Amino acid sequence: DLILVKSRFVTGADAGSIYVVETAEDGRSKRLRFKMSQNDSCQFEAKEFTIPVSTRSIAGYAAATLAPINIPDVHDIPRDAPYGYDASFDRRVGYTTRSMIAVPMISAEDEVMGVIQLINKKRQGRSVLRTEADYDREVVPFDARSAELLTSLASQAGIVLENAMLY
């Protein structure tokens, strides 16, 4: 919870999620388990689910490549990109995702421990996104400074998560 709160605070993100890497039932492949979500503008009940660690999803891409991915507008992802955006969550809860950044949490042993995914960087951190006009006025792409801060925080979070799993 604290990792996500601080990640959103330092970047000005309206919403975010944390995924944790786990080994699938086959004992070989990895998957991401959605563990928690926060959103200042939309209340919803979040349930855990898993997605493969693969380049098909944005969080999966960050985990598979061990690299951050910063998308100014998820609705303008190039057709030839290996990943895509699934808008079904937005439709279900009445939210509009625009800007997104996903950064892997990497352990001291250079293994991916999870992914921090943030949504909708706001011009003013305290604003609430309710209408399309709010999104148009407030949501901006995540800038280089936000990416740098989140990457730094994610690297520390990866080590903390690794230690917690060891104990």
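The mean sequence separation of alpha-carbon pairs under 8 Å and at least six residues apart, normalised by the residue count of the stretch 65-167, gives a relative contact order of 30 percent. Along the stretch 45-57 the Karplus relation, 6.51 cos²θ - 1.76 cosθ + 1.60 evaluated at θ = phi - 60°, assigns HN-Hα couplings of 8, 9, 10, 5, 7, 10, 9, x, 7, 8, 7, 6, 9 Hz to successive residues, with x for each Gly and Pro. Among M113, M100, M36, the residue with the largest mean-square fluctuation in a Gaussian network model of the chain, with springs joining Cα atoms closer than 10 Å, is M36. What is the set of long-range amide H partners of Y95 at a cut-off below 5 Å, with H atoms built 1.01 Å from backbone N? Correct list: empty.
Phi angles of the stretch 83-98 translate, via the Karplus equation with coefficients 6.51, -1.76, 1.60 and θ = phi - 60°, into HN-Hα couplings of 10, x, 10, 9, 8, 4, 4, 4, 4, 5, 9, x, 10, 10, 7, 10 Hz per residue; Gly and Pro are given as x.
Sequence-ordered 3J(HN,Hα) estimates for the stretch 111-123 from the Karplus curve with 6.51, -1.76 and 1.60 and θ = phi - 60° stand at 10, 6, 9, x, 9, 9, 10, 10, 10, 6, 5, 9, 4 Hz, glycine and proline given as x. Each Lys or Arg adds one and each Asp or Glu takes one away; over the other residues whose Cβ falls under 10 Å from the Cβ of D40, this sums to +2. Using the rule -39500 (n - 2.57) for each DSSP H run of four or more residues, divided by the residues of the chain, the 222 nm mean residue ellipticity is -9500 deg cm²/dmol. Taking 20 °C and 1.002 mPa s as conditions, the stretch 1-86 diffuses translationally at an estimated 150 µm²/s according to Stokes-Einstein applied to its Kirkwood radius (Cα pairs).
Given a Förster radius of 30 Å and the C-beta distance between S88 and V10 as r, what FRET efficiency does 1/(1 + (r/R0)^6) yield to the nearest 0.05? Working from the Cβ atoms, E equals 0.55.
For the chain, the tally of Lys pairs with Cα-Cα distances below 19 Å comes to 4, considering only residues 8 or more apart or on different chains.
Quick one: net charge around A24, please, counting Lys, Arg +1 and Asp, Glu -1 for every other residue with C-beta under 13 Å from its C-beta. Taking every other residue near A24 into account, the sum is +1. FRET efficiency for the T131 to A24 pair, using the beta carbon distance and R₀ = 45 Å, is estimated at 0.65.
Here is the list for the stretch 1-97: GluC sites (Glu not before Pro) lying in DSSP coil, each with at most 16 other C-beta atoms within 10 angstrom of its C-beta, are E25, E45, E48. Where the accessible area of the stretch 1-95 is counted over protein heavy atoms with a 1.4 Å probe, how much of it, in %, is carbon and sulfur? That share works out to 50 percent. Legend: helices of the chain (whole DSSP H runs) are marked when their alpha-carbon atoms reach 18 angstrom or more along the helix axis and their mean Kyte-Doolittle hydropathy is at least -0.5; marked are 144-166. For the stretch 123-167, the fraction of 1.4 Å probe accessible surface lying on carbon and sulfur atoms is 54 percent. With semi-axes defined as the square roots of five times the eigenvalues of the C-alpha gyration tensor, the equivalent ellipsoid of the stretch 42-167 measures 26, 17, 15 Å, largest first. Label sites at Q124 and S152, each approximated as a point 7 angstrom past Cα along Cα to Cβ, lie 2.7 nm apart. Loop-located GluC sites (Glu not before Pro) in the stretch 81-167 (DSSP state not H, G, I, E or B) with no more than 11 neighbouring Cβ atoms inside 10 Å: E109.
Note on the chain: GNM, Cα springs under 10 Å; of Q43, Q156, Q117, the largest mean-square fluctuation is that of Q43. Taking Lys and Arg as +1 and Asp and Glu as -1, the other residues whose beta-carbon sits under 12 Å from that of V53 total +3. The stretch 31-90 and the stretch 111-127 have their alpha-carbon centroids 11 Å apart. For the options I18, I101, I51, a Gaussian network treatment of the chain with springs between C-alpha atoms closer than 10 Å singles out I51 as fluctuating the most.
For the stretch 51-166, the solvent-accessible area with a 1.4 angstrom probe is 53 square angstrom per residue.
The values are calculated or read from the model by the stated rules, or taken from the named source; none is laboratory data. Predicted model, so just to flag it, every value in this text is computed and none were measured. FYI the Cβ positions are ideal-geometry reconstructions off the backbone, even for glycines, and counts take in every protein chain you see. We work out accessible area using only protein heavy atoms, side chains counted, and drop any ligands, DNA or RNA first. Shrake-Rupley method; radii C 1.70, N 1.55, O 1.52, S 1.80 Å.
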